[in-house]
1. Failed condition for Leu30, given (1) buried (at least 19 other Cβ atoms within 10 Å of the Cβ); (2) of a type outside the set (Ser, Thr, Tyr); (3) over 21 Å from Ile235 (Cβ atoms), with all others met?
2. So, in the stretch 270-298, of the ones that are modelled with pLDDT of 95 or more and of a type in the set (Gly, Ala, Ser), which residue ends up farthest from Arg370 (Cα to Cα)?
3. So, restricting to strands (runs of 3 or more DSSP E) that lie completely within the stretch 301-372, which ones have at least 2 residues that are closer than 24 Å to Arg282 by Cβ?
4. Does the stretch 93-146 hold any residues that are under 30 Å from the mean Cα position of the chain (by Cα) and among the hydroxyl-bearing types (Ser, Thr, Tyr), and which are they?
5. Report yes if some residue within the stretch 241-251 is closer than 22 Å to Gly175 by Cβ, out of contact with any helix residue (DSSP H, G or I) (no Cβ under 6 Å at 6 or more places or on another chain), among the aliphatic types (A, V, I, L, M) and exposed (fewer than 13 other Cβ atoms within 10 Å of the Cβ); otherwise report no.
6. Name the single residue that is nearest to Ile366 (Cα to Cα) among those in the stretch 159-188 being out of contact with any helix residue (DSSP H, G or I) (no Cβ under 7 Å at 6 or more places or on another chain) and of a type in the set (S, T, N, Q).
7. Tell me the residue from Ile62, Ile20 that is hydrophobic (A, V, I, L, M, F, W, C) and either assigned to a loop (DSSP other than H, G, I, E, B) or within 14 Å of Val97 (Cα to Cα) (or both), please.
8. On the basis of being at pLDDT 90 or above, in contact with a Ser or Thr (Cβ under 6 Å, 6 or more places away or on another chain), of a type in the set (D, E, K, R) and not assigned by TED's automatic domain parsing to the domain that holds Lys61, does Glu90 make the cut?
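The values are calculated or read from the model by the stated rules, or taken from the named source; none is laboratory data. Only a predicted model underlies this, so the values are computations on that prediction, with no experimental measurement involved. Cβ placement follows ideal geometry from the backbone for every residue including glycine, while neighbour counts extend to all protein chains displayed.
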Amino acid sequence: MKVEIDQATFSALTGRTQGIVDRRSTVPMLANVLIDAGEGDVLEVSATDYELYMRASCEAKISRKGRVCINARDLNDIVKNMPSGPLAIEQEKPGQVTIRSGNIKFNLHCAPAEEFPELPEIKEVQYFEIKPKDFLDIVSHTIFAVASDDPRIFLNGAYIETPKAGKIRMVGTDGHRLALIDRELENSPMFENSVIIPRKGLNEMTKLLSEGVGAEEKIEIGFTRTNAHLRRPGISLMIRLIEGEFPDYNMVIPRAAEKIATVPRRAFIDALKRMSLLSVERTFGVKMRFSEGSMKIESSHPDKGESMEVLDIDYDKEELSIGFNARFFLDVLTVLDCDDVKLELSDELSPCVLRPALSEDYRCIIMPVRVS
């Protein structure tokens, strides 16, 4: 193998693999990437952890074809610290790859390409186009509620379904909160079956969609029975779906609210940040006391002290005192883009439904906690 490639271009390629490779696996090869210098002056870099498969490509000057496996972290660290300009990558003998730039030279140990896990063949995928901004918006409004390491495997991913043609719904929950968003999308197909995309897969999708994407550029997303697929020019990502039955999320969404408070979002964020400073770190519990025209937020810590702040709100029902995890509210409030939010409440033991004041397409259900 002998290749010449631009340093910035190759660094972007190797950087994309860092979230995919599995450095803690008992299979050492999963810490490597596959470099494939093949036909047509196109260099491909592939990475997998058996749950996610990524293949990225770019133009390069290929003088001699070849395939080789290199440690992903070492390769990325070296390439990103090389000076800008052309890099020469060459394998002259088995077990070693040389990377050169001017007077700089690295000799890296490598492994045969045949030892790299075979990437599954991608076929029979029904893709639909979506603007990256739209999909990023959907994910950002739900991923914070997705569990990260729950023994109930189905909670470690976001649930996607199409309630009707042209509408996509994503739901995330960790058992303490639930976020649900509906979006109208042009040309969105009806899924035969709902799917659960793992949290790690969603994180990698958002990384790919966030980098250098034009406002009107569209990417392709598709689903099979076992995998989710994302395509954009030069990149393909396949994610193994979580198997299992997602819980009936409708069971935890309150049907009607007896008490509704309209709260200024920005002031609410600032108050929660201040009040959580003296909350107990394990629960970040704060007490919210609702009375006509105001909401008092209180927190206390047995070793530090206590705090209190009053916000002017729109509320005209009987008084209510209820405890919540302040971080759960901050997670959702910071991704919303609205002036006011509505808090739909019933009693001190029932969950709160938080939604934008002027929209019915999004809601976050937050369970109360005991706050002394």
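1. Only one criterion is unmet by Leu30, namely (3).
2. Across the stretch 270-298, the extreme among qualifying residues is Gly293.
3. On the way: elements: 305-312, 320-325, 340-345, 352-356, 362-366.
Result: 305-312, 320-325, 352-356, 362-366.
4. Listed by number, the residues that qualify are Tyr127, Ser140, Thr142.
5. Looking for residues that are closer than 22 Å to Gly175 by Cβ, out of contact with any helix residue (DSSP H, G or I) (no Cβ under 6 Å at 6 or more places or on another chain), among the aliphatic types (A, V, I, L, M) and exposed (fewer than 13 other Cβ atoms within 10 Å of the Cβ), one finds at least one in the stretch 241-251, hence yes.
6. Thr162
7. Details: Ile62 fails: either assigned to a loop (DSSP other than H, G, I, E, B) or within 14 Å of Val97 (Cα to Cα) (or both).
Sole residue among the options that is hydrophobic (A, V, I, L, M, F, W, C) and either assigned to a loop (DSSP other than H, G, I, E, B) or within 14 Å of Val97 (Cα to Cα) (or both): Ile20.
8. Numbers: at pLDDT 90 or above: yes; in contact with a Ser or Thr (Cβ under 6 Å, 6 or more places away or on another chain): yes; of a type in the set (D, E, K, R): yes; not assigned by TED's automatic domain parsing to the domain that holds Lys61: no.
No; evaluated as a whole, the condition is false for this residue.
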